[in-house]
Structure formats: structure tokens, C-alpha cells
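Structure record follows, encoded as C-alpha cells.
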2 protein chains.
Amino acid sequence: MEYTVQRLAKMAGISSRTLRYYDEIGILKPARINSSGYRIYGKAEVDRLQQILFYRELGVSLEEIKEIITSPNFNAINALREHREKLLTKRRQLDLLIANVDKTIALWEGRITMTDKEKFEGFKQKMIEENEEKYGKEIREKYGDEEVDKSYNKLKNMNKEEYDRVEKLSAAVLDTLKEAMETGDPSCEIAQKAADLHRQWLCCFWDKYTKEAHAGLAQMYVDDERFKAYYDKVKAGAAEFLREAILIYTGMKK
Amino acid sequence: MEYTVQRLAKMAGISSRTLRYYDEIGILKPARINSSGYRIYGKAEVDRLQQILFYRELGVSLEEIKEIITSPNFNAINALREHREKLLTKRRQLDLLIANVDKTIALWEGRITMTDKEKFEGFKQKMIEENEEKYGKEIREKYGDEEVDKSYNKLKNMNKEEYDRVEKLSAAVLDTLKEAMETGDPSCEIAQKAADLHRQWLCCFWDKYTKEAHAGLAQMYVDDERFKAYYDKVKAGAAEFLREAILIYTGMKK
DNA sequence: TATACACCTTTACGCTGCGTAAATGTCAAC
DNA sequence: GTTGACATTTACGCAGCGTAAAGGTGTATA
């Protein structure tokens, strides 16, 4: 009925370091310490460890676990509800991240594909199929169909009209960019209009516009040969010019 | 066109500490250092910072960002795809946590409510409504209806038959527990059967059974007066006896 | 010109939850 | 007496900075 660190650790499936750490932060102290300085745990400590591990499995922090189990009449279920809300907040943030990564990839692939004059419908289908092939099965199994389909929604729901708008904006960016380059000044009014058109184009894909994303994408235009080629067909140096205009537009440069 | 730390930081919306840190880890070094030791950043550094912030917004680690932007012909889009997979893995883990927290809450509330002889359907409806009232609106707006509805699925989909099974198991646990207590030994065969029945009952709610969760719940039976009352109606000390049996059943105690 | 004040520098601890040494003591068996 | 499996403590490391502390620099103003 008495356990040393290693014994208790083995039984509970954790490391002895963890038990020492729990002692250190005062969340689980041994029943007593023997003459050699060994930590000796008893029945009550086993029970307490159970609770700790239980909450730990639910992702509750040790600090909160401490509060829950040290105050005798602490409302554990309310603590779990609060914890649930925190987890949901985390998930929403994570979803935003994933959505933005998805859209960045789509944007990239899309521009390249469209540059190659592939059909829009074909492109959408292709993207979805590629995605499916790569990790669709695994995700659908573990995560459910709604989730996966949702990821493609934005893309699928973009109908012909919206596509035409995207195309018009694309053309307008190129036209305005060409005109602006004659002034040679990325901060001039026309260049800023080009940047604004580019933002509008970007917003066809992104739900949430941020300066950082916009400026980051502009930088990529210069770094990625395929993008650079797309814009440079207007005039040599157009990608760099657009980047400068966008950096000024987003307030990242003066 | 030249910036000190503070100026660049303000422009980019980050702290000067961050810029010093980026210098320290070699991800963004200043163009030069002036006679007083001040960091001076130029045009190229602004561009580089853009990229860093762009990837950072997508949740990419600084270490990976370093790899992406320092190797000139690194495939950024593949890096993003890999990153996307990592994010998806994270989300799946998070979903598992949330689902388990939900079920724990449901289990708890459920036992209490059922103890109070409320109707099962009423209980389900009540739980869902309460949830809706508390954080439904916010979540549905930001996260989409499918998500929220999915959370309630397990609960809703539990039909009358399944409910009957739960009730039978509940009764069987109590019966077997009563019988086992006459032996006075939580490790005896009958007591272990009670623990196993309890596990079966638990699995009606939890998708994923773990020893820790089982043992943790058993501990709660002793700590929470309402649970204790439920089991102690069999006989005084029944909650403790069941806990001991479960701790042995889950291998947490000998 | 002295002083105030904003800005710059470096060094270094803190957060979470342990993993992973390193250096050393203890217990049981051979 | 030695081996080997345990125990102990101290302490750095992880990511990405926040937040002092202790000091030098730049410049506008009284």
C-alpha cells in the first residue's frame, strides 16, 4: 500500500520526473519522506493522482487542476465548463489559421493554374481531387465528412459571376499597374489604386484581410518565379513595383 | 529608408523586443550597426520582415520560417502544405479533448438529472438549450452551424433503445455492487464484475475509454456529494467500495 | 550648458510541463 | 566488496517573447 516514486509512476503510466515535479509545485506531495530521503506515497496520494491525471487528460492546466482539487468544495463541473469554453476559443483560432493557410495555397495554386490558362472549373476540381488524394481518406475517417467538405466550400461556392469579378479585377490590376509604372513612383495615386484593386482581388479569396498577409503575398510575387513572370509580362520590374506599391499601401513603408 | 528598432517595430506593429529576438536567433539581422551600437534596418530587412510576419500569421514556427526564407529556392507552398497537415492534426486532437470534456459534463449532469427522476428527453433538450443560450450564438456566427450541431449529435442520436441499455447497465451496476459488498473485498470477482459493468455503462457516453478517465470518475463519486448519495443508497460506503474496485480494475491499485 | 526625456543597448529571469543529463547516495543480492 | 537498480538534488533546455534592471545616446528646451 506504500509506493516509491518509480513504483507509483509505473503504475500510473507516468515518469518519476513528473511525480517529483508535482511535488515541487505542490500539487501532489508524498505522504512522508523516509530516513533516506525517499518519497513515500500512500493510498490518499494514489487517489489524488487519479484526479490529477483525469483532468490532465482533458487538457486542464496543472495550475487549474490545483485549484480544483485543493479547494474542497470547488465546483468541478463549472471549472470544466470554463475549460470547455477555452478549448472552443482555441479551436476557433485554429480554424481561422487553417482557413487562411488553405486560402493562401489556393491563391497560389490558382494564380499559377490560371496563368497556365487552365479552365477555372477544372482548376477547382483538380485542387479538390488532389487534396482528397493526399490526405482526404485519413481526415474523413477521423474527422468526419462535414469538416472536409467545409474546407472546399469557399472554392466550390464561387460561381461564374464571382469568377468573372475575379477576372475583371485581375485585368484591372494589370492595367492600372501598367499605367502607374509610367510615373515610376510606387507611392503615386495610380499605383496606390493598383494596390487597392489588388486588395479587392485578394478579398475574393480571403475572408479576413490583414495588412501583413497582403504585404507578404506581394513579397512572394517577387520571390516566386512563376508569379514574377505573371506580373512582369506587363513590363519588366512590374512585380517589384507592385510590391513597393503594396508595402506603401499597407503602411509598411513610406 | 533606414529604421531603428523602435521605428521598424512601430511600423510593423510588433515590439522592439521581438526584433532583438529575431536578431538573436538569426532570422532577421539589421543591415548594419551604427557607431553607438544601434541596430539599423534597411529596405531589404523590411521586405524580409514582411515575409516573417506573413508566415507567423499562419502559425508557422520561427524555426520553420527560417528554413523557408533562408534557403533561396525552398518550396514555400509545400512547406505550407506540411504546415496545414500539422494544423489539422492539432485540430483533431483538440476536437477529441472537447468531445471528452463535453461527455464528462453530460455524464455528470446526466447522472444528477436522472437521479432527480427527470425525463431523459427533457434532460437532453435542456442541456442543448442551456448550451445554446450560453455560447451558441457566438459560436454559430464564427464557427458555422454544422460544427455546433455536431457537438450535440452523440446526445441527440441516443435513442430510446440505447437509453434503455444505459438504464439496464445502471441497474446492473447497483445490483452487482450490492452483492459484491457482502464479500467486503473490492478485488473479488463480483466486485470486478461491477467495475466492468460500470465500464460498459461509461462507454455508452465516451467514444474513447481510458483507464485514467474511468478511475478519475470513480474518485469523483466519492468527492461529489450528489454522486456519493446515488451510490450510497445501495449501502453506506458503496461509493468508496466502487472506487476501490475500479482502481483495482484499471490496474491503478493492487 | 545643464537637464530632461525619449530612445537605444545588453543581460537575464519568467512563463508550461516536464525531458534529460550529471553527480552522488542507498538498498539488496551475489 | 562489488555490481546494478534504484533513489536523491541541481539545473539546463524547449518557444517566443514580456518585462525588468542598469546603463549609454540623441536632441530639444529652459
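Applying the condition of being surrounded by fewer than 16 Cβ atoms within 10 Å (Cβ to Cβ) and assigned to a loop (DSSP other than H, G, I, E, B) to region A:19-34 and asking which residue is nearest to DNA strand D (Cβ to nearest atom) yields A:ASN34.
Could you list, in sequence order, all residues of region A:83-103 that are of a type in the set (D, E, K, R) and open to solvent by less than 50 Å² (accessible area, probe 1.4 Å)?
Residues of region A:83-103 that are of a type in the set (D, E, K, R), as a first pass: A:84-86, A:90-92, A:95, A:102-103.
A:ARG84, A:ARG91, A:ARG92, A:ASP95, A:ASP102, A:LYS103, listed by residue number.
Restricting attention to region B:20-27, does a residue exist that is in contact with a Leu (Cβ under 9 Å, 6 or more places away or on another chain) and basic (Lys, Arg)? No, region B:20-27 contains no residue that is in contact with a Leu (Cβ under 9 Å, 6 or more places away or on another chain) and basic (Lys, Arg).
Among the residues making up region B:3-22, those that are touching a residue at least 24 places away in the same chain (Cβ under 8 Å) and near DNA strand C (Cβ under 7 Å from one of its atoms) are B:THR4, B:VAL5.
Output the residues belonging to region B:35-55 that are among the basic types (Lys, Arg) and not in a strand (DSSP E or B). Residues satisfying the conditions are B:LYS43, B:ARG48. Restricting B:MET252, B:MET181, B:MET158 to residues that are modelled with pLDDT of 80 or more and open to solvent by less than 30 Å² (accessible area, probe 1.4 Å) narrows the list to B:MET181. Among the residues examined, B:LEU80 does not qualify as under 26 Å from the mean Cα position of the chain (by Cα), at pLDDT 85 or above, away from DNA strand C (no atom under 16 Å from the Cβ) and open to solvent by less than 40 Å² (accessible area, probe 1.4 Å). Taken over region A:34-55, the residue count meeting the criterion of being at the interface with another protein chain (Cβ under 8 Å from one of its Cβ atoms) and within 13 Å of DNA strand C (Cβ to nearest atom) is 3.
If you go through region B:35-69 and keep only what is among the small types (Gly, Ala, Ser), near DNA strand D (Cβ under 8 Å from one of its atoms) and open to solvent by less than 70 Å² (accessible area, probe 1.4 Å), you end up with B:GLY37, B:SER61.
Name the one entry in B:ARG92, B:ARG84, B:ARG7 that is assigned to a helix (DSSP H, G or I), within 14 Å of DNA strand D (Cβ to nearest atom) and out of contact with any Leu (no Cβ under 8 Å at 6 or more places or on another chain). Walk me through how you get there before you give the answer.
Working: B:ARG92 fails: within 14 Å of DNA strand D (Cβ to nearest atom); B:ARG84 fails: within 14 Å of DNA strand D (Cβ to nearest atom).
Of the residues listed, the single one that is assigned to a helix (DSSP H, G or I), within 14 Å of DNA strand D (Cβ to nearest atom) and out of contact with any Leu (no Cβ under 8 Å at 6 or more places or on another chain) is B:ARG7.
Looking only at region A:56-71, which residues are within 9 Å of DNA strand C (Cβ to nearest atom) and not in a helix (DSSP H, G or I)? Listed by number, the residues that qualify are A:GLY59, A:VAL60, A:SER61.
The values are calculated or read from the model by the stated rules, or taken from the named source; none is laboratory data. Here the structure is a predicted model, which means the values were calculated and not measured. We place every Cβ from the backbone using ideal geometry, glycine too, and count neighbours over all the protein chains shown. These accessible areas exclude ligands, DNA and RNA; they are computed on the full protein's heavy atoms, side chains included. Shrake-Rupley method; radii C 1.70, N 1.55, O 1.52, S 1.80 Å.
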